[in-house]
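Worksheet: one structure, shown below.
The values are calculated or read from the model by the stated rules, or taken from the named source; none is laboratory data. The shown structure was predicted, so the numbers you read here are calculated from the model rather than taken from an experiment. Reconstructed Cβ throughout: ideal geometry from the backbone, glycine too, with neighbour counts over all protein chains shown.
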Amino acid sequence: MKHRGIYITDLDLKHLSELLEVARRFNEYDPADLAELAGELVRAQVVPSAHVPADVITMNSTVCLEDLETGEEMTYTLVFPNEADIDQNKISVLAPIGTAMLGYRVGDTVEWPVPSGISRLQVKQILYQPEANGIAEAETVDFSPAAPTRWQETLSKLSKYQEVFDDYA
């Protein structure tokens with residue numbers, strides 16, 4: 001899988017760095033997935049939220065993707081783990097597809113490893129991007145260990161969703 005330049009807003013970088021710190025502290029998520037997200041953050045071009053291009057997938061963006069093998073189009077929203085809900089097409093940034101989507105632009109091909117090889121989705125359209133809609137300040141995201149039970153439940157729920165993606169691939 002090739003790596004290419006991606007954009008991350010300064011606020012997304014802040015929140016995602018906090019997320020990684022808490023996820024590592026609880027040691028309940030696959031370290032490889034955490035390392036993949038950390039790697040994306042390190043190689044990303046960080047831009048102020050007010051200046052991110054409107055065709056970039058940021059946190060809480062809703063995007064239309066096309067499976068390059070089947071031609072099927074799907075719509076997903078990239079969210080933090082506590083908001084993930086496959087039934088509402090909300091994909092966690094900690095899921096491999098979520099990490100793969102982050103920072104990509106319209107026209108880019110999102111690739112990520114699946115048991116059967118590499119899955120490839122093309123970003124067709126950004127249906128909603130918070131920054132393009134004047135929402136520069138994201139709501140506060142609470143990753144504090146004050147509610148470890150809630151965090152563990154969220155991680156458990158995400159693990160179940162990963163099975164859906166593995167089956168899809």
Review point. How many residues, within the stretch 15-47, are touching a residue at least 60 places away in the same chain (Cβ under 8 Å) and either outside any helix (DSSP H, G or I) or among the small types (Gly, Ala, Ser) (or both)?
Key: 3
Check your understanding: Would you pick out the residues in the stretch 78-113 that are acidic (Asp, Glu) and touching a residue at least 24 places away in the same chain (Cβ under 8 Å)?
Key -> 108, 111
Exercise for review: Return yes when residue 12 is surrounded by 14 or more Cβ atoms within 10 Å (Cβ to Cβ), of a type in the set (Asp, Glu) and either part of a loop (DSSP other than H, G, I, E, B) or in contact with a Pro (Cβ under 9 Å, 6 or more places away or on another chain) (or both) and no when it is not.
Suggested key: no
**Study point:** Condition met for residue 149 (out of contact with any Leu (no Cβ under 8 Å at 6 or more places or on another chain) and either modelled with pLDDT of 95 or more or among the polar types (S, T, N, Q) (or both))
**Key:** yes
Study note, to complete from the structure: Apart from one, (1) of a type in the set (D, E, K, R); (2) farther than 14 Å from residue 130 by Cβ; (3) under 13 Å from the mean Cα position of the chain (by Cα) all hold for residue 24; the odd one out is (3)
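Please work out if residue 135 is in a strand (DSSP E or B), at pLDDT below 90 and over 14 Å from residue 65 (Cβ atoms).
Numbers: in a strand (DSSP E or B): no; at pLDDT below 90: yes; over 14 Å from residue 65 (Cβ atoms): yes.
Criteria not met by residue 135.
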Revision key, fill the gap. Filtering the stretch 76-96 for residues that are loosely packed, with under 13 Cβ neighbours inside 10 Å and of a type in the set (Val, Ile, Thr) leaves a count of 0
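Mind checking which residues of the stretch 48-60 are assigned to a helix (DSSP H, G or I), out of contact with any Ser or Thr (no Cβ under 6 Å at 6 or more places or on another chain) and small (Gly, Ala, Ser)? So that I can check it myself, show each step before the final result.
Step one: filter the stretch 48-60 for residues assigned to a helix (DSSP H, G or I), giving 49-51.
Adding the requirement that they be out of contact with any Ser or Thr (no Cβ under 6 Å at 6 or more places or on another chain) leaves 50-51.
Across the stretch 48-60, the qualifying residue is only 50.
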Exercise for review: Give the residue that is surrounded by the most Cβ atoms within 10 Å (Cβ to Cβ), with candidates limited to residues of the stretch 15-33 that are at pLDDT 90 or above and under 13 Å from residue 81 (Cβ atoms).
Suggested key: 16
Study note, to complete from the structure: Scanning the stretch 79-91 residue by residue, those in contact with a strand residue (DSSP E or B) (Cβ under 6 Å, 6 or more places away or on another chain) and either of a type in the set (Lys, Arg) or under 18 Å from residue 7 (Cα atoms) (or both) turn out to be 79, 90
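Could you look through the stretch 97-125, keep only residues that are over 14 Å from residue 6 (Cβ atoms) and surrounded by 18 or more Cβ atoms within 10 Å (Cβ to Cβ), and pick out the one that is modelled with the highest pLDDT?
If we filter the stretch 97-125 for residues that are over 14 Å from residue 6 (Cβ atoms), which is where we start, we get 97, 113-122, 124-125.
Within this subset, residues satisfying the condition of being surrounded by 18 or more Cβ atoms within 10 Å (Cβ to Cβ) are 97, 119, 121.
Numbers: 97: 89, 119: 86, 121: 93.
Only one residue fits best here, namely 121.
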**Study point:** Filter result (among the β-branched types (Val, Ile, Thr) and either farther than 21 Å from residue 39 by Cβ or outside any helix (DSSP H, G or I) (or both)) within the stretch 80-104
**Key:** 86, 91, 93
